[in-house]
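Enquirer: Input: one structure, supplied below.
Derivation of every value follows stated rules applied to the coordinates shown; laboratory data play no part. Quantities reported herein were computed from a predicted structural model and do not represent experimental measurements. Ideal geometry is used to build each Cβ from the backbone, glycine not excepted, and the neighbour counts take in all protein chains shown.
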Amino acid sequence: AQSVTQLGSHVSVSEGALVLLRCNYSSSVPPYLFWYVQYPNQGLQLLLKYTSAATLVKGINGFEAEFKKSETSFHLTKPSAHMSDAAEYFCAVTKSNDYKLSFGAGTTVTVRA
Amino acid sequence: DAGVTQSPTHLIKTRGQQVTLRCSPKSGHDTVSWYQQALGQGPQFIFQYYEEEERQRGNFPDRFSGHQFPNYSSELNVNALLLGDSALYLCASSLQGTNTEAFFGQGTRLTVV
């Protein structure tokens with residue numbers, strides 16, 4: 001079975017500061033990993049994905065994530081936070097021949113002016 | 001190009017009642033997956049429909065059932081509603097079940113009273 005653990009249910013950053021959201025996965029086979037963002041009262045929007053190509057993945061809105069197999073991690077970063085980054089972020093995992101995404105519990109990001 | 005559309009957006013039902021939620025996939029997609037997102041939690045996979053058949057199911061009771069129509073749209077039915085069924089129900093569409101390109105709808109907020 002695959003699963004993800006998101007460390008920290010809430011993260012507060014100042015505008016312009018680094019955003020770092022942590023995700024660790026467990027998978028018996030090479031995983032596909034994703035980060036999604038959810039704004040209040042909305043569905044999920046894909047930020048970026050890792051599908052066994054480059055280990056450093058760049059996504060939308062200036063976010064990027066690095067797949068580290070030795071650490072079983074896929075942490076999400078953004079160099080400079082913007083007020084519009086305030087949202088909930090979910091890490092998810094799946095594998096080839098699996099039709100479901102398994103999500104973490106989410107991390108809520110607040111951005112202080 | 002319309003994305004994934006879900007209806008209704010909000011719904012209030014009484015315990016014991018039955019509910020039907022609807023989803024139209026993104027143009028060109030043939031697969032629909034349903035997820036339940038309880039307040040403060042990550043989405044949980046309910047099931048996936050492809051070629052009008054349930055292809056994979058998560059850990060949900062038989063009270064949860066679905067259907068996919070020839071035009072690829074889908075319905076989620078929940079019978080004998082419980083208070084614990086209150087959640088945001090998300091629909092995701094993809095092509096042939098490939099989760100690497102899943103698009104989510106805005107969701108249906110179900111409240112059971």
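Enquirer: Restricting things to Cα coordinates, could you compute the convex hull volume per residue of the protein assembly as shown in Å³? Don't jump to the answer; show the numbers that get you there.
Expert: Working: hull volume 27.7 nm³, N = 226.
In the protein assembly as shown, the Cα hull volume divided by residue count equals 123 Å³.
Enquirer: Next question. Taking R0 as 30 Å, what FRET efficiency do you get between residue B:59 and residue B:2 from their Cβ-Cβ distance, rounded to the nearest 0.05? Don't jump to the answer; show the numbers that get you there.
Expert: Values: r = 32 Å, r/R0 = 1.06.
Result of the calculation: an efficiency of 0.40.
Enquirer: Sticking with this structure for a sec: So how do A:74, B:69, A:90 line up by other beta-carbon neighbours within 10 Å, fewest first? Numbers along the way, then the final one.
Expert: On the way: A:74 28, B:69 13, A:90 25.
By the 10 Å Cβ count, ascending: B:69, A:90, A:74.
Enquirer: Could you tell me how far the Cα centroid of the stretch A:1-51 sits from the Cα centroid of the stretch B:11-33, in Å?
Expert: 26 Å
Enquirer: Sticking with this one: Would you order A:34, B:64 from fewest to most other beta-carbon atoms within 10 Å of each residue's own beta-carbon?
Expert: By the 10 Å Cβ count, ascending: B:64, A:34.
Enquirer: What distance in nm lies between label points placed 7 Å from Cα along the C-beta direction at residue A:3 and residue B:95?
Expert: Roughly 3.4 nm, to one decimal.
Enquirer: Please work out how many pairs of lysine residues in chain A are eight or more positions apart (or on different chains) and have Cα atoms closer than 22 angstrom.
Expert: 15
Enquirer: Over chain B, consider all pairs of different Cα atoms and compute the Kirkwood hydrodynamic radius from their mean reciprocal separation; express it in Å, one decimal. Before the final figure, lay out the partial values.
Expert: Values: mean 1/r = 0.0723 Å⁻¹.
Answer for chain B: a Kirkwood hydrodynamic radius of 13.8 Å.
Enquirer: Moving on to the next point. Over chain B, what is the mean sequence separation of C-alpha contacts under 8 Å (at least six apart), divided by residue count, expressed as relative contact order in percent?
Expert: Values: 304 pairs, mean separation 41.7, N = 113.
Worked out over chain B, it gives 37 percent.
Enquirer: OK, next. Mind checking the alpha-carbon convex hull of chain A and giving the volume per residue in Å³?
Expert: On the way: hull volume 10.8 nm³, N = 113.
Convex hull volume per residue, Cα atoms: 96 Å³.
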